[in-house]
Amino acid sequence: MSQTEFGVVGIGNAIVDVLGDADDGFLARHGMPKGAMTLIDTARAEQLYTEMKGAVECSGGSAANTIAGFASLGGQPAFIGKVRDDALGQVFAREIRASGVTFDTTAATAGPPTGRCLIFVTPDAQRTMQTFLGVSATLSPEDVHPETVAAARITFLEGYLWEEGAAKEAFLRAASLAHDAGRKVALTLSDPFCVERHRAEFRDLVEHHIDILFANEVEALSLYETTSFDEAVRRLQGHCEVAAVTRSAEGSVVLANGKTEHFPAEPVDRVVDTTGAGDLYAAGFLFGLSSGADTATCARLASIAAGEIISHYGARPETSLQQLVRTKMERAG
């Protein structure tokens, strides 16, 4: 096996987030299911964008957020995702590279524009997403370089990739390459929307192809079609080496080494925006795993990273997570 260059390589949709405030009435008028992600077309994206007030644009994408967080923790990550050779594509590439992430995917010169996600944040800090995937959905197996996957301890895949044929093939190629190289494969279920559409396939992935799983409580319940959290956890047991299920303010539950452990959420002064909370939880957990840390340390790193992200708008860290972790760990003794 070649010498490891990356702690993790993330593969997902390369999109730009556009965040703006909204109230429940606005969501209702536009038929948006609160707290969920809905795929939209170009016309819908343009219509909603014109109605957003005080919108802030920043690079996003679930796996990309995780990888940026991993870099902020001091890790060496890479990212694979498709952008167009347009203004937003240049913004995405520039920002992710500036965060310390290796990003070598060739920009498309034709086809749809760079994808974007319109995120409407309500006063209760819930985020409702309207996503135009754009060219990110054209990610193909040819974009997944075997040497990059083989050089990463963990390949991290986002469930959103399962929405399109070409991207799904890239997803499966990456998982195969990682396992062939003796590496681990991690998956985030991404959104209840994804689980509902692809439940049977996701179950097969979890039970036969994934080593590390990330999900929130709603996604776990949907995966096994139950209203009992305990039942969902029971169904997960034994399928993956590690499964981490987040429960918002109630912290997270981690299944590993034949044990089920509960870990608290990191206290924050004020929850501003939950966008990216699950992405940054995964960043902290993966950083711990790739560094050989025990489960408790992985969960603490994950909670610290998630706590930072929900204290401000946007899904990328505003402070050095490496320094934040160091400070909090020193205080804890």
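Every number here is computed from the coordinates shown, using simple stated rules; none is lab data. None of these values were measured; they are calculated from a predicted model. Here the Cβ is made from the backbone with ideal geometry for all residues, glycine too, and neighbour counts use every protein chain on show.
Please give the charge dipole size of the chain, origin at the Cα centre, charges +1 on K and R Cβ atoms and -1 on D and E Cβ atoms. Round to the nearest 20 debye.
The dipole magnitude comes to about 420 debye.
With unit charges on the beta carbons (Lys and Arg positive, Asp and Glu negative) and the dipole taken about the Cα centre of the chain, which residue among F229, M37, F285 sits farthest to the positive side?
With unit charges placed on the Cβ atoms, the residue in question is F285.
What ³J(HN,Hα) values, in whole Hz, does the Karplus curve 6.51 cos²θ - 1.76 cosθ + 1.60 give for segment 28-40 when θ = phi - 60°, with x put for Gly and Pro?
The phi angles translate into 5, 4, 9, x, 9, x, 4, x, 10, 10, 10, 7, 10 Hz.
Before anything else, pin down the relative contact order of the chain: Cα pairs under 8 Å, at least 6 apart, normalised by residue count, whole percent.
Relative contact order here is 18 percent.
Residue by residue through segment 109-114, what is 3J(HN,Hα) from phi via Karplus (6.51 cos²θ - 1.76 cosθ + 1.60, θ = phi - 60°)? Round to whole Hz and write x for glycine and proline.
Once rounded to whole Hz, the list reads 9, 8, x, x, x, 4.
Just how large is the dipole of segment 114-242 about the Cα centre, in debye to the nearest 20, putting +1 at every Lys and Arg Cβ and -1 at every Asp and Glu Cβ?
With only Lys, Arg, Asp and Glu charged at Cβ, the dipole is about 160 debye.
How big is the dipole moment of segment 1-111 about its Cα centre under a simple scheme where the beta carbon of each Lys and Arg is +1, that of each Asp and Glu is -1, and everything else is neutral? Debye, nearest 20, please.
140
I'd like the distance separating the alpha-carbon centroids of segment 301-333 and segment 38-67, in whole Å.
About 25 Å separates the Cα centre of segment 301-333 from the one of segment 38-67.
Relative contact order (percent) for segment 44-164, with alpha-carbon contacts under 8 angstrom and 6 or more residues of separation?
25
Apply the membrane-span-like helix rule to the chain: whole DSSP H runs, Cα extent along the own long axis of at least 15 Å, mean Kyte-Doolittle hydropathy at least -0.5. List the helices found.
Helices passing the filter in the chain: 62-72, 87-98, 165-180, 277-290, 295-309.
What length, rounded to one decimal in nm, is gained on full extension from A249 through to R199, with 0.36 nm per residue of separation minus their alpha-carbon distance?
Result for the pair: 15.4 nm of gain on full extension.
Specify which residue in the list S320, A243, P141 is farthest towards the positive end of the charge dipole of the chain, using unit charges on the beta carbon of Lys, Arg (+1) and Asp, Glu (-1), about the Cα centre.
Of S320, A243, P141, it is S320.
Among Y160, G69, L88, pick out the residue whose Cα is farthest towards the positive end of the charge dipole of the chain, where Lys and Arg carry +1 and Asp and Glu carry -1 on C-beta, about the Cα centre.
Going by the charge dipole, the pick is G69.
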